[in-house]
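Notes follow the structure.
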Amino acid sequence: MFVEHIADLAIYAVDARATVLSWNLGAEHCTGFAPDEMIGQPMSRLYTVTDLASNLPARELEQAMSAGRYECEGSRVRRDGSQFWAKVIITALREGDDTLAGFGIVLQDLTAQREMERQEYEHALQLAARDAARLEAEKRARDLAELVDQISAQAAELDRRRVEADAANRAKTDFLAAMSHELLTPLNAIGGYASLLAMGLRGPLTEEQRSDVDRIRGSQLQLLGLINDLLNFSRIESGRVPFSLDDVVLSDVVRDVAERMALQVSARRLIEERVDCPDAVVARADRRRVEQILLNLLSNAVKYTAPGGRLTWSCSATGERARLTIRDTGRGIPADRLADIFEPFVQVGRGFARPDEGAGLGLAISRDLARAMGGDLMVESEPNVGSAFTLDLPRAR
Ligand code: ADP
């Protein structure tokens, strides 16, 4: 009676030939078979086709018979054909004289338990994944913080160096200005006295003396030019150059500058031409500074173009900008030096050994002037083909 009414464990007995002898309430719940459907039937109804094929029912009973008791887990089949996973305990039942009477079998449906285990396992997996993600995120945050620290340290270092460089640059500019100024006085004296001699005010000069005095005068003028460059440069660098902006017709300036350089141009048998330079191209700029820039570009073009070469001016206006280009067929500038030539004291292809070519300040001054007027100075060049320098300025309204 007691066994009969246990509802959550399937308990049944089979005889030695595996025919079901009793079937409790739990067995009915668990399998869906009613007692009258099972009692008298072979217990093999509860096994899967695969287990039957491997003769599992008989093997289980044999094990129980030889050991007295057999425990395992396995699949069983319900009345509706569905399967469930069960814990199985089979006990051999013997008579008083030890002959085998049959087997007592207890089945526990583990489906719910397995499902719970599966859920617990999945939950644990999720927790682990979340943990891993959190750790990864924390590590990334730490890495990022480190990176930010490094970058700010570098930025601070850069800032410090910039301040140092600015100070050094200012010191250099001040020094250049002071030195140039100091040099001007004796240089003017040299020029003055050389002129006195040249004019014969100290008595007549021999032919040789005259040519010496001319050389003194020439060198003095050249030094004067260099020093003026230096002064100019230091003034621009320290922002001490005043600009007076006006509407400037670029072709006018080109004409003036070309006239002033006509002698040097023809001395080198260069062909100079103006193409496409309409009077309508008007820039907003300081005319004297534009002149200074063009003069510098033109004298460079003359200096660095072999006799017989060609110099071409052109102007254009687009949108807010007015542009002027001078193109030469000279020696050109290697691509890797193009950016450098606008730096002060940079000269491509020679040292300071030939002072007749200037100090390497012309382009630095010119670009500083252009930028101070809201413009820029650009270059395109190809070695042995030529160079084109373009002055870009704001366009007059
Ligand atoms: P400088 O002419 O006094 O040497 P610049 O600043 O005017 O100094 O020019 C810097 C350098 O750029 C020159 O020494 C020269 O090597 C190069 N350069 C400038 N203009 C030209 C040009 N039109 N063709 C070839 N090289 C040029």
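The values are calculated or read from the model by the stated rules, or taken from the named source; none is laboratory data. Computed from a predicted model, the values in this text were never measured in an experiment. Cβ placement follows ideal geometry from the backbone for every residue including glycine, while neighbour counts extend to all protein chains displayed. Just the protein is used for accessible areas: all its heavy atoms, side chains included, with ligands, DNA and RNA removed. Shrake-Rupley method; radii C 1.70, N 1.55, O 1.52, S 1.80 Å.
Answer yes or no: is there a residue in segment 59-66 that is buried (at least 16 other Cβ atoms within 10 Å of the Cβ), under 18 Å from residue 114 (Cβ atoms) and not polar (S, T, N, Q).
no
Can you tell me which of (1) part of a helix (DSSP H, G or I); (2) within 11 Å of the ligand (Cβ to nearest atom); (3) of a type outside the set (Phe, Trp, Tyr) is the one residue 255 doesn't meet?
Status for residue 255: all satisfied but (2).
Taking segment 228-264, which residues are open to solvent by less than 80 Å² (accessible area, probe 1.4 Å) and modelled with pLDDT under 85?
Residues satisfying the conditions are 228, 229, 230, 231, 232, 233, 234, 236, 237, 238, 239, 241.
Which of the numbered conditions does residue 36 fail, given that it passes all the others? Conditions: (1) in a helix (DSSP H, G or I); (2) closer than 16 Å to residue 104 by Cα.
Only one criterion in (1) in a helix (DSSP H, G or I); (2) closer than 16 Å to residue 104 by Cα is unmet by residue 36, namely (2).
Name the residues in segment 302-344 that are among the β-branched types (Val, Ile, Thr) and assigned to a strand (DSSP E or B), would you?
312, 318, 325, 326
With the requirement that a residue be within 12 Å of the ligand (Cβ to nearest atom), under 34 Å from the mean Cα position of the chain (by Cα) and buried (at least 18 other Cβ atoms within 10 Å of the Cβ), what does segment 315-341 give you?
332, 333, 341
For segment 346-396, which positions are near the ligand (Cβ under 7 Å from one of its atoms), modelled with pLDDT of 95 or more and under 32 Å from the mean Cα position of the chain (by Cα)?
381, 389
Consider residue 297 against the criteria (1) assigned to a loop (DSSP other than H, G, I, E, B); (2) among the aliphatic types (A, V, I, L, M); (3) open to solvent by less than 20 Å² (accessible area, probe 1.4 Å): it satisfies all of them except one. Which criterion is unmet?
With respect to (1) assigned to a loop (DSSP other than H, G, I, E, B); (2) among the aliphatic types (A, V, I, L, M); (3) open to solvent by less than 20 Å² (accessible area, probe 1.4 Å), residue 297 is out only on (1).
Step by step: first the residues of segment 161-194, then only those that are of a type in the set (Gly, Ala, Ser) and surrounded by 14 or more Cβ atoms within 10 Å (Cβ to Cβ), then the one that is nearest to residue 225 (Cα to Cα). Which residue is that?
180
Tell me which strands (runs of 3 or more DSSP E) are completely within segment 46-140 and hold 2 or more residues being over 16 Å from residue 9 (Cα atoms) and out of contact with any helix residue (DSSP H, G or I) (no Cβ under 6 Å at 6 or more places or on another chain), or say none if there are none.
83-94, 100-109
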